Each structure stands twice: as structure tokens, then as C-alpha cells.
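The values are calculated or read from the model by the stated rules, or taken from the named source; none is laboratory data. Note that the coordinates shown come from a computational prediction; the quantities given were computed from them, not determined experimentally. Cβ placement follows ideal geometry from the backbone for every residue including glycine, while neighbour counts extend to all protein chains displayed. To get the accessible areas, we keep the full protein, side chains included, count just its heavy atoms, and leave off ligands, DNA and RNA. Shrake-Rupley method; radii C 1.70, N 1.55, O 1.52, S 1.80 Å.
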Amino acid sequence: MFLQTWPPTGDGNPTNGISLDFRAFSHRKQGEHDMFVKGGRPDYAFRGDYRLRAALGAIRPLRRLAEGLTASSASLRRHQALTQMAQASPSQFPRLFELVRECSMRLDIPVPSLFIESSPVVNAYTIATDDRAPFVVLSAGCADTMSEDELLFVLGHECGHVHNLHGVYNLMAVLAGEAALLPAASLFAVFASLLSLIRQGMSLGIAAWSRAAEITCDRAGAVCARDPNSPGTALAKLVAPLRTGRFGAVNPDDLVRQARRAAHSVLRLEEAWHSHPVVGKRIIAVESFLRSDVFAARRPDIAPNGPRIAIDRVDAEVEAMLQTAYKL
């Protein structure tokens, strides 16, 4: 820590208690960085995420198309956010601003801009490209429904997209599922046509990566939360975001049991087109991560008691769970 003594001694100058040794600071930060980086990636990143992203990146025409589509769409969406939403700041929604700032500090990334969208739907998403400042959009419904710690998980999840450089492919997955969001102007007509081809020929690959990326970002959200129970309750509220307690609360354990029952149906193959894993599976995956050695190293203050599971084993179990849905 910088603060060595307080109150200050000697002549009363408060700066006397502050270390100005930049080299020591730099070494400390580098040590923290090296501790939480594995193979050039955040240590918590799901291996299915970066393996599939590498496979998509190897398809050079797809990569170029993705960059063109996302650059155009990101500019439009930033303009829409600036003109149609309220940006969190120290003077506007200051508590939400502090929450996203806390998440960015926890993950050691620049603080993304945070906009509040006037929507009752419980939702949040990140817009970013490789060369543009990222921003997070949080719906009013999400802010009203979630507790503060659940919002740390949600905002941490979105910051995870930034931390893992999901930018181009993350927005590509959104566009593949929401083609209507592309501008109708003739300038984008070619992109719209190409997107239609992608949706038919490449959507399964993009969807598979997107599901894996969501596992990575759920882990980022868990790292940012203050309570290890918050990831499960936040994910559960995505299914049934009731704002009143008079009907009781949605139960993460029940959603897991529902997901296990659905796994025996042939109709589970329909999940292959989903951009997000079934919520019950996301709860299973994040709870496995909470017992991992990586989570214990990052959050020793809140890690559950008990034996630690190697992150490679956690990844293998989660990969098997996600793949089982698409095999007969």
C-alpha cells in the first residue's frame, strides 16, 4: 500500500506518509499482473472461449467482415447511447458509476462508459471494437431488479468482455441474432446481405463461441462480486425478474434441476443456435468456478471453504456439460 503511516508525523505534511517510489509501484503492479495472467489471457478465462475465438479468427474473410460490421454498428450505437440514454457519472447515477469503476479496478482495465437504457427488460450488454473505447449499457429494469451486489456481478460480466478482448466477435454475435438492428441505408445493404449468409452458414460457430464467452464473463462477474451467492441469484433473475417479494423468490437450485431435466429431451439440440447457455447451466458453471484454485487466488476473502479444484478440471467439466446438449 502507498499509505505507510497515519496520521502524518514530523512537520505535519500528509505527503510524508506516501511512497513516491515509482519503481516499487511498477514492480508491484507487474507482479499482480503476472499472477493473474495465463498464456497471455486472464487466468479465469474459459478455454472453450479462446479456442473457439482462435478458430473464428483463422477464417480471415469472416474476421474482415466482422471488423467492418462492428465498426459501423459500434459508431451508430454509441451515437444512440449519447442521444437516447443517460450516462452514469459522479453527478448522474453516481452509485452505478462507482460500481462499474469498482469492477474495472478489480479486473485492472480502464473504466468503460456506462449508459442507462430506458427499458423494463432485465438486460445488459457491451459494445466495443478493437480500436474504439468500450461502453456498457444497463437497462433500467436490470438496475431496479438486482441488488447492488448482483449488479456488481452483472457489470463485472460486461467488463469481462472488455478484459478478454471479445469486442468484434461479441458484437458480431449480437448482430447475427438481431439483423434488424443494422441501419437500413443502402450503405449497409451489402453488409446486411453478407450477414444473412453468415446467419445461415456461420451462425452455429458464432453461437458456440458466444456461449463459451458468456462462461468466461460469468467468471469475471464472480470475481467482481462481494458475495459468492450473488452470481447464482443474479443469473436466476434473468429468468424470472419479479420485482415484488409477495410471490416468493426465484430459486437458482430449482433452475439447475430444470436444466438437468431438459437435458434428456431431444429438443435440447435447439440450444445450438442460442447465443447464451441455458441459465441453469450457467449457474452450474459459475458455481464450479467458485470452487476453483483461480477464484481462491483472486478472491481469498470470499472464496468458499473446502478443497480447491484445478481450473483445467473445471474447464473440462464445463466443456462436457455444454457439448452434451448437442449430441444424441
Looking at (1) assigned to a loop (DSSP other than H, G, I, E, B); (2) closer than 21 Å to Gly245 by Cα, find the lone condition where Asp149 falls short. (1)
Within segment 66-95, which residues are closer than 24 Å to Asp144 by Cβ, among the small types (Gly, Ala, Ser) and open to solvent by less than 70 Å² (accessible area, probe 1.4 Å)? Ala81, Ala86, Ala88, Ser89
Identify all residues within segment 255-309 that are more than 24 Å from Gly205 (Cβ to Cβ), crowded, with 17+ Cβ neighbours inside 10 Å and of a type in the set (S, T, N, Q); write none if there are none. Ser288, Ser292
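For (1) farther than 15 Å from Tyr44 by Cα; (2) in contact (Cβ under 8 Å) with a residue 60 or more places away in the chain, each residue gets a yes or a no:
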| position | (1), (2) |
| --- | --- |
| Ile215 | no, yes |
| Val223 | no, yes |
| Arg226 | yes, yes |
| Gly248 | yes, no |
| Val266 | yes, yes |
Only one of Arg63, Arg53 is in contact (Cβ under 8 Å) with a residue 12 or more places away in the chain, of a type outside the set (Ser, Thr, Tyr), crowded, with 19+ Cβ neighbours inside 10 Å and under 16 Å from Ser210 (Cα atoms), namely Arg53
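Among the candidates Gly167, Gly201, single out the residue that is touching a strand residue (DSSP E or B) at 6+ places or on another chain (Cβ under 6 Å), among the small types (Gly, Ala, Ser) and modelled with pLDDT under 95.
Details: Gly201 fails: touching a strand residue (DSSP E or B) at 6+ places or on another chain (Cβ under 6 Å).
Result: Gly167 is the single residue among Gly167, Gly201 that is touching a strand residue (DSSP E or B) at 6+ places or on another chain (Cβ under 6 Å), among the small types (Gly, Ala, Ser) and modelled with pLDDT under 95.
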Which of the numbered conditions does Thr233 fail, given that it passes all the others? Conditions: (1) open to solvent by 40 Å² or more (accessible area, probe 1.4 Å); (2) modelled with pLDDT under 95. (2)
Modelled with pLDDT under 80 and among the β-branched types (Val, Ile, Thr): does that describe Thr129? yes
State whether one or more residues within segment 37-44 are under 24 Å from His157 (Cβ atoms), crowded, with 19+ Cβ neighbours inside 10 Å and either over 22 Å from the mean Cα position of the chain (by Cα) or modelled with pLDDT of 90 or more (or both). yes
